[in-house]
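The values are calculated or read from the model by the stated rules, or taken from the named source; none is laboratory data. The shown structure was predicted, so the numbers you read here are calculated from the model rather than taken from an experiment. Here the Cβ is made from the backbone with ideal geometry for all residues, glycine too, and neighbour counts use every protein chain on show.
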Amino acid sequence: MRNISRTISAKSRRAAAVATSVSIVLATAMLVSVSGSQAATAHSASKCHIVVTGAHWRIKTHFGLRSGNRYTVVANGLLCSFARPWVVEFTHRKSKALGASLHGPQGLKCHSLSTAATGDKLVYAGACGHGTGYKPPGFGWGPRIRP
């Protein structure tokens, strides 16, 4: 009976890790996608993709246990220099739950895309944007995981 509960727990952790990875990808894709009319008016400097150093993270993924202090940041409609300090600050905060609101830049709604089931209690992934769906301008971040 004990093996069954251990298997369920392992499956739950893997599912949470996959869900977190999918959330990061979806939030990033939403931020990066720009409609045709927006693309015509968007300035080339308004989209960026950088790697920053933040709080140390250690999470269980479908690749196994991963750790580091590097984060991939994607911004659309904002300069990377604006997103960088916010990401560094967010990565030092504790995550209350997946989808929990974060107090961030004025005019943007920010949410944690982190889950404690992966093993880390900090906000190692999240997104900030306008309205629901993290519409641009906004930014998203997640741990830089290399397979």
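Some points to look at:
- Enumeration of residues in the range 112-123 that are part of a loop (DSSP other than H, G, I, E, B) and either in contact with a helix residue (DSSP H, G or I) (Cβ under 6 Å, 6 or more places away or on another chain) or under 11 Å from L98 (Cα atoms) (or both): L113, S114, T115, K121, V123
- Subset of the range 112-124 (residues that are crowded, with 22+ Cβ neighbours inside 10 Å and without any contact (Cβ under 8 Å) to a residue 40 or more places away in the chain): S112, V123
- Scanning the range 125-147 for residues that are buried (at least 23 other Cβ atoms within 10 Å of the Cβ) and either farther than 16 Å from A75 by Cα or among the aliphatic types (A, V, I, L, M) (or both) yields A125, A127.
One line per residue, one yes/no per condition, for (1) touching a Ser or Thr at 6+ places or on another chain (Cβ under 7 Å); (2) at pLDDT below 95; (3) not in a strand (DSSP E or B):
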| site | (1), (2), (3) |
| --- | --- |
| T53 | no, no, no |
| R66 | no, yes, no |
| V73 | no, no, no |
| W86 | no, no, yes |
| E89 | no, no, yes |
| L98 | yes, yes, yes |
| P105 | no, yes, yes |
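- Test: residue in the range 42-57 that is on the phi < 0 side of the Ramachandran plot, crowded, with 18+ Cβ neighbours inside 10 Å, touching a Gly at 6+ places or on another chain (Cβ under 9 Å) and among the β-branched types (V, I, T): no
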